Amino acid sequence: MKRRDFLKASSAGFASTLLAGGGFLSWKSRAYATNVALTYYITHGWITQPDGVSVYFRGYSSSSNSLQVPGNSFVVQQGDTVTVTIHNRLTTTHSFKIDEIVDSGPIAGGSSTTVQFQPSTAGSYLFYDGHNEPYGRLVDLHGAMAVMPLGLDNRVYVGSPTFVQQKFWVFNQIDPVWHSNIRNRAIPSTPFTPRYFTINGLSGRPPGAPGHVDPAIDAMHDHETAVHGHVGDRTLLRMLNAGLATHAVHTHGNHMEWLTSNGQIRPVVWLKDIVPLDGNKGVADVIFPFEAPPDAWPPTSTGIYAMHLHDEMTQTAGGGLYMFGALTDIYFE
Amino acid sequence: MNSSKHGGGMGGGMGGGGGMNACYVYPIDPAQVPALDPNPDMIFERGIYMNGSMTMDDGRNVTIWGFTDPAEGGGMGGGGMGGGGGMGGAFPSPPMRVRQGQVVQTRLTVDMMMYHTIHHHGIEPEFRSDGVGHISWDVNGTYTYQWRPAHAGTYFYHCHTNTVLHAEMGMYGALIVDPPEGPGRAFENGPSYDLEVIWAVDEIDSSWHTLSWDAGTCGGDVGLNILNPDYFIISGVDGNQSALTDPRVAVTMNMGQRLLIRYICAGYLPQQIRFGGLTAEVVASDERPLPQSFLTTQINAVSAERYDCIIQPTQAGIYTVEIDIRHWITGQVLGTCTYAHYSHVKRLSCNLKRTINGQSE
């Protein structure tokens with residue numbers, strides 16, 4: 001897992017290192033199950049948003065002195081025995097939960113817990129803080145898990161169309177008022193009104209903006225978020241929505257092959273340039289086929305294309321700053 | 001591609017406001033402009049208007065922006081979604097209609113001191129013809145997009161500069177690609193239809209409609225993260241009352257005819273269309289034929305999805321089709337459009353339920 005320190009932030013004397021998460025682990029198929037061990041530290045800190053506002057976050061971080069949002073995503077295989085140790089470095093109670101698979105139960109502040117599970121169904125899953133839902137999840141205590149079919153490294157499920165590379169796109173929406181309430185252990189009483197929108201914890205920085213091209217800040221250039229490939233590099237995109245808003249995921253350049261929705265295999269594969277992604281833990285798996293853009297004249301096989309959410313409010317930050325929201329780019333190389 | 005923060009030099013005074021301080025718009029780099037096919041099959045000319053207005057059923061005028069067709073004197077187009085609109089131009093913008101396999105050029109002229117683009121949504125062209133500013137450029141002056149559609153179906157086009165605002169202000173129009181055999185089939189070797197209608201269902205937050213074209217681009221909170229619609233429209237017609245009789249929305253059909261509904265979720269919020277008990281055969285979505293068409297009485301859609309649906313009533317009568325526009329977070333129904341079919345005449349209306357901060361009034 002490649003990690004990047006990209007911001008030093010502090011809160012009440014607590015210095016934290018912020019790491020971008022949501023990345024993809026290189027992974028090889030196995031004909032057998034194995035043991036996988038992971039460790040997360042529940043930490044907190046502040047992240048500066050594109051308009052300069054600092055917002056409080058919590059994360060499943062990879063070390064006790066860092067803040068990482070979302071937590072490192074990971075890939076396992078059907079039948080693996082997955083052991084996750086969670087150290088709660090905060091004073092508040094949290095948990096580690098994957099719907100229908102594992103629930104740590106409350107992890108009191110300052111304590112640690114280990115959970116173990118054997119995922120049996122291939123697919124894409126959100127892990128999150130299930131304690132005091134949905135607040136921990138919304139302040140970024142979440143991440144993604146992929147379960148590969150046993151012995152297969154190029155299919156989402158047995159019989160699915162094939163892919164050659166895969167990525168996680170974990171979306172979230174951020175209401176700083178709610179984040180502040182949660183920090184202060186108060187239940188938010190105002191309507192959820194997100195002002196920032198992220199993909200893998202990052203947001204866009206268009207050309208000319210501070211941080212443009214910096215993969216630690218710019219979702220258009222984060223190598224774990226932006227999609228690079230040549231024609232034929234069929235790319236599985238595991239899209240998960242930790243937030244509350246319904247999204248419309250739109251790719252330019254190619255239509256997507258829409259394979260699953262909320263854990264269900266779609267009976268037939270549709271080709272879509274818009275795929276719905278439900279709020280509140282919605283999941284969709286699609287393959288971006290990396291075919292030559294079909295309508296180019298003269299024909300071409302290279303170029304840069306956008307991915308953005310078509311619920312365009314998500315393309316803003318702080319009520320303006322178009323292109324500083326949840327978007328990335330797709331590179332036909 | 002040329003990319004720069006544009007920090008000045010823009011004039012003001014037009015509808016849509018001035019623009020001396022636009023940020024993150026990207027002028028054309030002449031050295032990177034690709035050559036054009038000298039023999040295109042079709043050329044569309046498009047200008048822009050920023051001083052349009054739409055008179056709502058409550059008597060209020062709401063500012064509308066859009067594209068014009070200069071050859072038609074401001075842009076009333078045919079083809080099913082030639083919109084209405086007051087001064088300025090048609091709303092929705094004049095439709096484009098081409099045939100699969102044609103080489104098409106769209107020449108956009110922006111002769112005001114501002115930037116716009118055209119993104120042919122669903123068309124997947126060479127990237128400099130995609131109309132996405134940060135990847136290629138925004139247009140001030142004239143720029144020609146070139147594309148050759150490989151698939152028939154229901155597309156639409158819209159501005160992709162400060163998109164969150166410009167598309168909401170009305171800068172969109174229908175784009176129909178007919179199969180090689182021409183109109184009458186949904187796609188090549190696809191199902192036939194006798195008549196068609198384009199329903200572009202959209203919501204308007206009138207509080208956004210006083211902003212300038214570059215609102216928010218340099219920062220500052222102009223409220224573009226909050227969409228609280230107070231009007232619900234279908235193909236540029238206020239759904240409150242006007243759509244009950246407006247021929248741009250209403251459809252008259254005879255028993256036995258096959259109607260192709262080209263449904264475009266043109267707003268940003270989730271929608272649900274219910275066909276009033278009629279069963280629709282959904283044959284395509286996002287201009288790709290479905291591997292298996294399916295029969296349904298309702299469709300859920302999110303922003304910019306398109307569905308091609310064929311309805312062939314087998315019994316005369318009165319049917320009511322409803323389209324809910326739902327809050328993107330709470331799922332609460334904000335407005336409901338209803339559509340009635342009286343014997344062989346269909347009528348459409350929208351009823352609005354205002355929602356303030358998630359609470360119904």
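The values are calculated or read from the model by the stated rules, or taken from the named source; none is laboratory data. Remember, predicted model here, so these are calculated numbers, not experimental data. As a convention, Cβ positions derive from the backbone with ideal geometry for all residues, glycine included, and neighbour counts pool all protein chains shown.
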Return yes or no: is A:T114 part of a strand (DSSP E or B), outside the structural domain of A:V283 (by TED's automatic domain parsing), surrounded by fewer than 22 Cβ atoms within 10 Å (Cβ to Cβ) and under 21 Å from the mean Cα position of the chain (by Cα)? no
Looking at the stretch A:242-258 only, could you name the residues that are touching a residue at least 40 places away in the same chain (Cβ under 8 Å), surrounded by fewer than 24 Cβ atoms within 10 Å (Cβ to Cβ) and assigned to a strand (DSSP E or B)? A:T251, A:E257
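Which residues, counting only those in the stretch B:121-150, are of a type outside the set (A, V, I, L, M), within 7 Å of another protein chain (Cβ to nearest Cβ) and within 20 Å of A:I330 (Cβ to Cβ)?
Taking the stretch B:121-150 and keeping what is of a type outside the set (A, V, I, L, M), we get B:121-122, B:124-131, B:133-134, B:136-138, B:140-149.
With the extra rule that they be within 7 Å of another protein chain (Cβ to nearest Cβ), the set shrinks to B:122, B:124-127, B:130, B:134, B:146-149.
Listed by number, the residues that qualify are B:G122, B:E124, B:P125, B:E126, B:F127, B:D130, B:H134, B:W147.
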Test for B:N240: is it surrounded by fewer than 21 Cβ atoms within 10 Å (Cβ to Cβ), more than 18 Å from B:L334 (Cα to Cα) and either within 14 Å of another protein chain (Cβ to nearest Cβ) or out of contact with any Pro (no Cβ under 9 Å at 6 or more places or on another chain) (or both): no
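Mind counting the residues in the stretch B:272-300 that are free of Cβ contacts under 8 Å to residues at least 24 places away in the same chain, of a type in the set (S, T, Y) and either over 23 Å from A:M256 (Cβ atoms) or within 11 Å of chain A (Cβ to nearest Cβ) (or both)? Spell out how you get there, then give the answer.
Step one: filter the stretch B:272-300 for residues free of Cβ contacts under 8 Å to residues at least 24 places away in the same chain, giving B:285, B:290-292, B:294-297.
From what's left, of a type in the set (S, T, Y): B:285, B:296-297.
Applying the additional criterion that residues be either over 23 Å from A:M256 (Cβ atoms) or within 11 Å of chain A (Cβ to nearest Cβ) (or both) yields B:285, B:297.
Total satisfying the criteria: 2.
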Got a sec? Which of B:D205, B:D178 is at pLDDT 95 or above and outside the structural domain of B:I264 (by TED's automatic domain parsing)? B:D178
Options A:T225, A:T235; residue that is in contact (Cβ under 8 Å) with a residue 60 or more places away in the chain and crowded, with 24+ Cβ neighbours inside 10 Å: A:T225
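A quick yes/no check of all residues on (1) under 15 Å from A:N254 (Cα atoms); (2) of a type in the set (S, T, N, Q); (3) assigned by TED's automatic domain parsing to the domain that holds B:S212:
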position	(1), (2), (3)
B:V110	no, no, no
B:Y115	no, no, no
B:I118	no, no, no
B:I123	yes, no, no
B:E126	yes, no, no
B:D138	no, no, no
B:T142	no, yes, no
B:Y145	no, no, no
B:R148	yes, no, no
Identify all residues within the stretch B:84-111 that are closer than 21 Å to B:N61 by Cβ and either buried (at least 21 other Cβ atoms within 10 Å of the Cβ) or at pLDDT 95 or above (or both); write none if there are none. B:G85, B:G88, B:G89, B:A90, B:F91, B:P92, B:S93
For residues in the stretch A:296-333 being facing chain B (nearest Cβ under 7 Å) and among the aliphatic types (A, V, I, L, M), which is surrounded by the fewest Cβ atoms within 10 Å (Cβ to Cβ)? A:I304
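To keep it simple, each residue is scored yes or no on (1) surrounded by fewer than 20 Cβ atoms within 10 Å (Cβ to Cβ); (2) part of a loop (DSSP other than H, G, I, E, B); (3) away from chain A (no Cβ under 12 Å).
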{"position": "B:Y157", "(1), (2), (3)": "no, no, yes"}
{"position": "B:T161", "(1), (2), (3)": "no, yes, no"}
{"position": "B:E168", "(1), (2), (3)": "no, yes, no"}
{"position": "B:L175", "(1), (2), (3)": "no, no, no"}
{"position": "B:P183", "(1), (2), (3)": "yes, yes, yes"}
{"position": "B:E203", "(1), (2), (3)": "no, no, no"}
{"position": "B:W213", "(1), (2), (3)": "no, yes, no"}
{"position": "B:G216", "(1), (2), (3)": "no, yes, no"}
{"position": "B:D221", "(1), (2), (3)": "yes, yes, no"}
Name, by its number, the condition in (1) within 23 Å of A:I217 (Cβ to Cβ); (2) surrounded by 23 or more Cβ atoms within 10 Å (Cβ to Cβ); (3) in contact with a His (Cβ under 9 Å, 6 or more places away or on another chain) that does not hold for A:I47. (3)
The residue from B:L227, B:L269, B:L260 that alone is aliphatic (A, V, I, L, M), more than 14 Å from every other protein chain (Cβ to nearest Cβ) and either over 21 Å from B:I329 (Cα atoms) or crowded, with 20+ Cβ neighbours inside 10 Å (or both) is B:L260
Starting from the stretch B:36-61, take each residue that is within 14 Å of chain A (Cβ to nearest Cβ) and of a type outside the set (S, T, Y) and list its partners that are surrounded by fewer than 18 Cβ atoms within 10 Å (Cβ to Cβ) and not in a strand (DSSP E or B), counting only C-beta distances under 9 angstrom and pairs at least six apart or across chains. B:D37/A:P298; B:P40/B:Q102; B:D41/B:G101; B:D41/B:Q102; B:M42/B:Q102
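Is it true that B:G331 is within 14 Å of chain A (Cβ to nearest Cβ), outside any strand (DSSP E or B), over 21 Å from the mean Cα position of the chain (by Cα) and modelled with pLDDT of 85 or more? Even if it seems obvious, please write down each step before you answer.
Working: within 14 Å of chain A (Cβ to nearest Cβ): yes; outside any strand (DSSP E or B): yes; over 21 Å from the mean Cα position of the chain (by Cα): yes; modelled with pLDDT of 85 or more: yes.
Criteria met by B:G331.
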